[in-house]
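Below is one structure, written out as structure tokens; the observations come after it.
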Amino acid sequence: MSVVTMREKKNVSYKSCFDVIGPVMIGPSSSHTAGALAMGLIANKLFKKLPKKVVVKYYESFAETHKGHGTDLAIISGILGFEADDSRVLEAIKIAESKGIDITFLEKSGDSPAGHPNTADIYLEDDSRYIRTMGISVGGGLIKVKHIEIDGFTLQLEGSLPIMIAISGSDNLELELHRIFKKHDVDINNSTSLEKDGKYLYQFDLDSQLSSDARKELEKLSETANVIIL
Amino acid sequence: MYMSIKEIVDTANERQVPIYTLAIEQEMEVMRSTFDETWSKMEKNLKTMENAVNKSTEGDGVFSLTGLTGGEAVKIKKYRANGKTLSGDIMMNGVQNAIGTNEVNAAMGVICATPTAGASGTTPGVLFTIKETLQLSREEQIHFLFTSSLFGMIVANNACIAGALGGCQAEVGSASAMAAAAAVEAAGGTPEQSAHAFSTALQNLLGLVCDPVAGLVEVPCVKRNAVGTANALVAADLALAGVENLINADEAVEAMYKVGRQMPRELRETGLGGVADTPTGIAIRNKVLGKEE
């Protein structure tokens, strides 16, 4: 695996006023409930369907307090694709179990491998594939995605959203992605390209949310590539 | 993006525009959204706050699953109805709405995080009491939320708003400071006065620890929002009276961040220190966790 390109720029975590007045959410904790749900949604977007098995590892404050904060319900809600103010959040584990999903929560002792007190490590699998993602909940419902394993690739990330990932069997994809970014005036803070066994992964830390036109055009690429917009 | 409170105050003065205008402009630019999208999102947040406050006094009130918190907003409402309170009805109206919102939050109801869920009562506490005092229109209430958001983003990007990183000073402290700044603007104060109110409110809650009993956002979180609201109203009144601060708002944010870094892990949302570590706190922890296991 080789890193082809890398470009750094200062990241501002809280870009929207609705990061601090918001989100609208089911209580009781923005970092341990809404943030946890956001991490589950990342896993959902990476896996793109319901898993058969879920393993969640908690570290530090998450390990100490997940029970009282509804963190378990929140992460499973995200994995099921529910939004933070969805009334089904309270029933998420029951709903998941009724769909035959096997769920395990583990409280890990010691420091977070991501260096943050609010850390969760989420693993999803079914018969054919798995994904893993480790996120940190930095406050007010905002998260950073520090680690992703998908389709044989491993990514270590700065973690500020939005992040775009595209995986394809052809390296023609890179040119196409840059053409779309240029057309829609998308600013890239940082990018990584990986190659492994004839497969290519392109990952971009985006400076701001994609416009709906840019999003549509990128999603069209999913006919030939695995396109993920986080 | 605005990265300091000084930049916000200077720009508002130079351009002679209110701070909420700067907040809306920045949001539209950074998030590439239209005015209508931005406005309706904030309107939804306001509606969520109103719903939570209303829900808190329906019937006997709302109660959390553990039963540790709930029903206090109803008690305060009844107490206020007697017409005789020590801190006055404007203050107790704010306190009722702050506590009510956090009771709904603890009961896993729907709230708007401001900036966090644990601190979600402070902002509506201030907003809905000055709404009556100042006869604020719906539009002006939405302006209040935009102004407080711009101050909140400075705290979030330069310090932190998570109890696990900075203690309760980062949550209720930040919320109180944001609301104080917005209250000053709503009352017709200058941008400098907003910054002074912000600084006073944050300094007054500096060092506040995050020590949730059994790790739950209930005790002492719910009542701390009462203090967040009261502190914001006092800080706003002080600023409007012309009382200034030697330590400016940006320095107060920096101080809050440093104090957070100096706090031991036990006092940063682990449920291991402060009131969580009292005999009663420990007994509640054992009972609550025992129930679940």
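Throughout, read-outs are computed from the coordinates displayed, never taken from laboratory work. Please read all numbers here as calculations on a predicted model, not as lab measurements. Here Cβ is always computed from backbone atoms with ideal geometry, including for glycine, and neighbour counts include all displayed protein chains.
Counting only Cα atoms, segment B:5-292 measures 59, 43, 40 Å along its principal axes, largest extent leading. Here the Karplus curve 6.51 cos²θ - 1.76 cosθ + 1.60, taken at θ = phi - 60°, turns the phi angles of segment A:67-81 into couplings of 4, x, 9, x, 4, 4, 4, 5, 5, 5, 4, x, 4, 7, x Hz, with x standing for Gly and Pro.
Modelled label positions at residue A:102 and residue B:237, each set 7 Å beyond Cα in the direction of Cβ, lie 6.2 nm from each other. Neighbour counting of Cβ atoms within 10 Å sorts the residues B:289, A:142, B:246, fewest neighbours leading, into B:246, B:289, A:142. Listed from fewest to most Cβ neighbours within 10 Å, the set A:197, A:213 follows the order A:197, A:213.
Per the Debye calculation on segment B:151-293 with a single equal scatterer at every Cα and no solvent contribution, log₁₀ I(q)/I(0) for q = 0.11, 0.17 Å⁻¹ amounts to -0.42, -0.83. What fraction, in whole percent, of alpha-carbon pairs in segment A:25-150 exceed 24 Å separation? Cα-Cα pairs in segment A:25-150 separated by more than 24 Å: 16 percent. Counting only other chain Cβ atoms within 10 Å of each residue's Cβ, the peptide B:216-225 averages 2.
When chain B is treated as a GNM with alpha-carbon contacts under 10 Å, the residue of B:209, B:234, B:30 showing the greatest mean-square fluctuation is B:30. Derived from the Cα gyration tensor, the three semi-axes of the equivalent ellipsoid of the protein assembly as shown are 38, 28, 20 Å, largest first. For segment B:197-277, the C-alpha radius of gyration sits at 1.22 times the compact-globule guess of 2.2 N^0.38 Å, with N the residue count.
Close amide H partners of residue B:62, meaning residues 5 or more places away or on another chain with modelled amide H under 5 Å apart, are B:71. Pairwise alpha-carbon distances in segment B:19-125 exceed 24 Å for 35% of all pairs. Could you work out the pair-distance distribution P(r) of segment A:160-230 from its alpha-carbon pairs, with 5 angstrom bin width and percents rounded to whole numbers? Result, from short to long distances: 3, 17, 32, 28, 15, 4, 1 percent.
Structure remark: mean-square fluctuation, Gaussian network model of chain B, C-alpha springs under 10 Å; the largest value among B:205, B:134, B:22 belongs to B:134. Shown is the FRET efficiency for residue B:28 and residue A:95, computed with R0 = 30 Å from the Cβ-Cβ distance and rounded to the nearest 0.05: 0.20. On a straight-distance basis, which aspartates and glutamates could pair with residue B:41 in a cross-link, Cα separation under 20 angstrom, same-chain partners fewer than 8 positions away excluded? Reachable aspartates and glutamates: A:19, A:83, A:85, A:86, B:25, B:27, B:29, B:50, B:139, B:140. Just checking the listed ones, B:44, B:258, B:84: in the Gaussian network model of chain B with Cα springs under 10 Å, the one fluctuating most is B:84.
For residue B:108, the residues 5 or more places off, or on other chains, whose built amide H falls under 5 Å of its own are A:27. Binning the C-alpha pair distances of segment B:98-208 at 10 Å intervals from 0 yields a P(r) profile of 16, 48, 31, 4 %, listed from the shortest bin outward. Rounded to whole numbers, the Karplus 3J(HN,Hα) couplings from phi for segment A:204-220 are 10, 8, 8, 6, 8, 4, 6, 5, 5, 5, 5, 4, 4, 5, 5, 5, 4 Hz, using 6.51 cos²θ - 1.76 cosθ + 1.60 with θ = phi - 60°, and x at Gly and Pro. Couplings 3J(HN,Hα) of segment B:218-235, computed from phi: 9, 10, x, 4, 4, 6, 4, 5, 4, 5, x, 5, 4, 4, 5, 5, 5, 5 Hz, in residue order, whole Hz [Karplus 6.51 cos²θ - 1.76 cosθ + 1.60, θ = phi - 60°; x for Gly and Pro]. Extents of chain A, largest first, come to 48, 42, 34 Å (Cα atoms, principal axes, whole angstrom). In chain B, helical runs assigned H by DSSP with n ≥ 4 each contribute -39500 (n - 2.57); averaged across all residues and rounded to the nearest 500, the mean residue ellipticity at 222 nm is -21000 deg cm²/dmol.
Taking amide H as placed 1.01 Å from N in the peptide plane, residue A:146 has its amide H under 5 Å from the amide H of A:134, A:135, A:136, each at least 5 places away in sequence or on another chain.
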